[in-house]
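Take a look at the structure below.
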């Protein structure tokens, strides 16, 4: 193997997958089980849907999921225990039965939906979920088959979940990495008048240079699937709309010319360059010394996210730093 091939293909792959491995091995990755509103006996424990399941209905922590490979559906409780496998209609009927049996009312108030990045799951937002739950939000940890479908196709799972949030008055969004692109892909076809504010954490809004380097690598193509091919700097991302509701951007980096990943030519969080995160139209911007995989769990990022959703700025006592469109 030549040095040029190693630096041009293998090294970027090592950096990318080391980030995922570090994140998955975090001891606190899975939060302590939360107490459900109602105690329903039975159920088979699952992982909650990682790469082959997508949420289509959410109700008070209960989820109906669709398997992108097998086409079947299942009903999970708030502790990710499976109570039924079958058709969508059968799962909806079972959920309705449980609602009536336990006299569960419609949801109301404000919700926040958490959209994970490629190769991750809603469990990566455990710190964010805890903090926002304490603020009175109905927190929707949204799972989708990020490595098995294109970004626009995955956004249809988001559309289905949003439609299921009946009774909710307003919906904020927090997204990490490719999750922000999924939100923007959703906006290509749909409108949601209940959207309030959004925070984008390490989102490659201008595309990912690592994806440019790896797009022809067979292992990358196999593991990251169709969506991985769409993370490149030219193509789908150039066509994605900018949210019309207030949003902020949080980027990881060292605030200098060199970032955490020496392969990338400018400041970066080890996966995404700071420049790529900057989406004109953002109401505020914050740079933090945090690598890509931990932006969702870092205390400063969690606090900044909470502050923006509540007040419209990321940092208390600091003037907003909006990202303005480039001058003609």
Here are the criteria: (1) in contact with a helix residue (DSSP H, G or I) (Cβ under 9 Å, 6 or more places away or on another chain); (2) closer than 16 Å to residue 176 by Cβ; (3) surrounded by 15 or more Cβ atoms within 10 Å (Cβ to Cβ). Tell me which single one residue 299 does not satisfy. (3)
Can you find, within the range 147-193, the residue that is farthest from the chain's Cα centre (by Cα) among those that are closer than 19 Å to residue 62 by Cβ and part of a strand (DSSP E or B)? 168
All but one of (1) part of a loop (DSSP other than H, G, I, E, B); (2) surrounded by 18 or more Cβ atoms within 10 Å (Cβ to Cβ); (3) out of contact with any strand residue (DSSP E or B) (no Cβ under 8 Å at 6 or more places or on another chain) hold for residue 324; state the number of the condition that does not hold. (2)
Which number in (1) assigned to a loop (DSSP other than H, G, I, E, B); (2) out of contact with any strand residue (DSSP E or B) (no Cβ under 6 Å at 6 or more places or on another chain) marks the one condition that residue 310 misses? (1)
For the range 67-103, enumerate the residues that are surrounded by fewer than 16 Cβ atoms within 10 Å (Cβ to Cβ), closer than 29 Å to residue 135 by Cβ and touching a residue at least 24 places away in the same chain (Cβ under 8 Å). 79, 102
Of the candidates 226, 241, 246, the one satisfying the condition of being within 15 Å of residue 175 (Cβ to Cβ), surrounded by fewer than 17 Cβ atoms within 10 Å (Cβ to Cβ), assigned by TED's automatic domain parsing to the domain that holds residue 302 and at pLDDT 95 or above is 241
Which numbered condition in (1) surrounded by fewer than 18 Cβ atoms within 10 Å (Cβ to Cβ); (2) under 30 Å from residue 193 (Cα atoms); (3) out of contact with any strand residue (DSSP E or B) (no Cβ under 6 Å at 6 or more places or on another chain) is the only one that residue 263 fails? (2)
Residue 196 vs. criteria in a strand (DSSP E or B), over 15 Å from the mean Cα position of the chain (by Cα) and modelled with pLDDT of 95 or more: yes
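The values are calculated or read from the model by the stated rules, or taken from the named source; none is laboratory data. Note that the structure is predicted; figures quoted are calculated from it, not measured. Because the Cβ atoms are built from the backbone with ideal geometry, glycine has one as well, and the counts that use them run over all protein chains shown.
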